[in-house]
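Beneath this line is the structure, given in structure tokens, with notes to follow.
The values are calculated or read from the model by the stated rules, or taken from the named source; none is laboratory data. Note that the coordinates shown come from a computational prediction; the quantities given were computed from them, not determined experimentally. Here the Cβ positions follow ideal geometry from the backbone for every residue, glycine too, while neighbour counts run over all protein chains shown. The protein model used for the area step is the full one, side chains on, heavy atoms only, and it has no ligands, DNA or RNA in it. Shrake-Rupley method; radii C 1.70, N 1.55, O 1.52, S 1.80 Å.
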Amino acid sequence: MEYISKEELRELISQWFKEDIGDGDHTSLSSIPAEAEGCQQLIVKAEGVLAGVEVAAEVIDFFDPTLRVEWFLKDGDHVKPGDIAFRVYGKVRSLLQVERTMLNIMQRMSGIATMAHYYQEMVAGTGCTILDTRKTTPGLRMLEKEAVRFGGARNHRIGLFDMILLKDNHVDFAGGTAAAIHRAKEYCKANGKNLKIEIEVRNQAEIDAALQEGGVDRIMLDNFTPDATMEAVRYIREHSPKGHVDWTDKVPNWKKETPGFIEIESSGGITKETLRAYAECGVDFISVGALTHSFKGLDMSFKAVK
């Protein structure tokens, strides 16, 4: 796992089991003999992208290290109904108590990975990359961000600490676009921070202010229409380091190695129906909050093998 250590993950898992089991799984304790052993398997019931396998391994090992797992699939694998991800052998009581916690996280992560894959496929061939946002579940952000990557999309920033993103409220409180950017650059210089700076713009005047002030790595076009986005992309490329582009193609083919190349991101009001149109405007990224707040969990079950 890239964003969460084994120790941090096991702290989370501990809280999950405290929440679910409390002072004991009285159903299993009352109905299943302590010495009973068996096998359960994870069955995929819908088409999608599998995610959460590594987490499931930690959940199982945390609860009962004596459980033995036979693995068939891994994170990022494309799955279909009937696929078996893994089988777990050992104490039946342990299998039953692990079941719901393990399924909850795997269904959630797989749903996010599946949605990320779907969105990224929708912009295939445009050179545009789908990004997630900070619209995540508190306490589960790192796992949800991992799931996005398993689906083939990319992460924006992880939190408020790894990138400067000057949004509309920052701009308004700072006294304007140029002032916000200037302060961000001075802050990084004074504090020895090597952080990328992104500025959200709402209109042409703010684009001009951002380009004139300079020093930004990415411009986010907020709630622009596709036509306005196309014009904004042309304008930004013409007024900033841009490398070579062939505008004879429907999808501009930028060579981004030029020093000072400014990335362009679209955000706000973008639907599945308009996603491709925005990507074909030549933007580098489209951020989609729905990846982590409006996904549908991937259907799967953990059933006894008789």
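Residue by residue through segment 58-80, note down the ones that are out of contact with any Phe, Trp or Tyr (no Cβ under 8 Å at 6 or more places or on another chain), within 13 Å of Leu95 (Cα to Cα) and of a type outside the set (Asp, Glu). Ile60, Pro65, Thr66 - these are the residues of segment 58-80 that are out of contact with any Phe, Trp or Tyr (no Cβ under 8 Å at 6 or more places or on another chain), within 13 Å of Leu95 (Cα to Cα) and of a type outside the set (Asp, Glu). Determine whether Leu221 is of a type outside the set (Asp, Glu), in contact with a strand residue (DSSP E or B) (Cβ under 8 Å, 6 or more places away or on another chain) and assigned to a loop (DSSP other than H, G, I, E, B). No; evaluated as a whole, the condition is false for this residue. Residue count for segment 148-167 satisfying the condition of being open to solvent by 60 Å² or more (accessible area, probe 1.4 Å) and in a strand (DSSP E or B): 1.
Here is a yes/no grid of residues against (1) open to solvent by less than 10 Å² (accessible area, probe 1.4 Å); (2) modelled with pLDDT under 95; (3) touching a strand residue (DSSP E or B) at 6+ places or on another chain (Cβ under 9 Å); (4) within 26 Å of Phe295 (Cα to Cα):
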{"residue": "Leu12", "(1), (2), (3), (4)": "no, no, no, yes"}
{"residue": "Leu29", "(1), (2), (3), (4)": "no, no, no, no"}
{"residue": "Met106", "(1), (2), (3), (4)": "yes, no, yes, yes"}
{"residue": "Ala113", "(1), (2), (3), (4)": "yes, no, yes, yes"}
{"residue": "Tyr119", "(1), (2), (3), (4)": "no, no, yes, yes"}
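Whether any residue in segment 138-147 is open to solvent by 10 Å² or more (accessible area, probe 1.4 Å), in contact (Cβ under 8 Å) with a residue 24 or more places away in the chain, of a type in the set (A, V, I, L, M, F, W, C) and over 18 Å from Leu9 (Cα atoms) is what I want to check. Checked segment 138-147: no residue is open to solvent by 10 Å² or more (accessible area, probe 1.4 Å), in contact (Cβ under 8 Å) with a residue 24 or more places away in the chain, of a type in the set (A, V, I, L, M, F, W, C) and over 18 Å from Leu9 (Cα atoms). Among the numbered conditions (1) under 23 Å from Leu291 (Cβ atoms); (2) β-branched (Val, Ile, Thr); (3) touching a strand residue (DSSP E or B) at 6+ places or on another chain (Cβ under 8 Å); (4) at pLDDT 95 or above, the only one that Ile207 does not meet is (1). Being within 9 Å of the chain's Cα centre (by Cα) and of a type outside the set (S, T, N, Q) is the filter here, so list the residues in segment 135-153 that pass it. Result: Arg141, Met142, Leu143, Glu144, Lys145, Glu146, Ala147, Val148, Arg149, Phe150, Gly151, Ala153. Every listed requirement among (1) part of a loop (DSSP other than H, G, I, E, B); (2) touching a Lys or Arg at 6+ places or on another chain (Cβ under 7 Å); (3) among the charged types (D, E, K, R) is met by Lys135 save one, (2).
The strands (runs of 3 or more DSSP E) found wholly in segment 245-306 and carrying at least 1 residues that are modelled with pLDDT under 95 and not basic (Lys, Arg) occupy 263-267.
Here the condition is being more than 28 Å from Gly152 (Cα to Cα), surrounded by fewer than 21 Cβ atoms within 10 Å (Cβ to Cβ) and not hydroxyl-bearing (Ser, Thr, Tyr); of Phe17, Phe86, it holds for Phe17 alone. The residue pairs whose first member lies in segment 170-188 and is open to solvent by 70 Å² or more (accessible area, probe 1.4 Å), whose second member is at pLDDT 95 or above and among the small types (Gly, Ala, Ser), and whose beta carbons are closer than 8 Å, counting only pairs six or more residues apart or on different chains, are His170/Ala180; Arg183/Ala174. Name every residue in segment 23-69 that is of a type outside the set (A, V, I, L, M), part of a loop (DSSP other than H, G, I, E, B) and over 16 Å from Asn104 (Cβ atoms), in order of residue number. Residues satisfying the conditions are Asp23, Gly24, Pro33, Glu35, Glu47, Asp64, Pro65, Thr66.
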